[in-house]
Amino acid sequence: MARTAQINSRTEAELKEEVEGILKTLGLSTSEAINIFFRQVKLRRGLPFPVEIPNEETLKVFQDSEEGKGLVECKDADDMFKRLGV
């Protein structure tokens, strides 16, 4: 087995709790997720996702959706695709 090193970091308690719940649903521990992230950084020689500042339009959409504005509820996937015209 490869030697391991310990990582100590701080994050917001609420963020940690929410993310750990998502990871548990995916069948991953926090350590496994961190190892996946590190391996992707190594493989890509950078972050494995774009890091961008959203424009005003995108920020407005985020805010509206968090407030429940402009959302369309569908009863199932078929209804969603019908509404999308797909």
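Nothing in this text is a laboratory measurement; each read-out follows from the coordinates by a stated rule. Since we're looking at a predicted model, the values are computed, not measured. Here the Cβ is made from the backbone with ideal geometry for all residues, glycine too, and neighbour counts use every protein chain on show.
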Lone unmet requirement of (1) surrounded by 10 or more Cβ atoms within 10 Å (Cβ to Cβ); (2) in a helix (DSSP H, G or I) for residue 47: (2)
Looking only at region 15-38, and only at residues there that are among the acidic types (Asp, Glu) and within 15 Å of the chain's Cα centre (by Cα), the one that is farthest from residue 49 (Cα to Cα): 17
Cross-chain or 6+ apart pairs with Cβ under 9 Å, region 50-71 first and under 27 Å from residue 40 (Cα atoms), then not hydroxyl-bearing (Ser, Thr, Tyr): 54/61; 54/62
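How about region 57-86: which of its residues are assigned to a helix (DSSP H, G or I) and either under 20 Å from the mean Cα position of the chain (by Cα) or of a type in the set (S, T, N, Q) (or both)? Full working, then the answer.
The initial filter retains those residues of region 57-86 that are assigned to a helix (DSSP H, G or I), namely 57-66, 77-84.
Hits for region 57-86 are 58, 59, 60, 61, 62, 63, 64, 65, 66.
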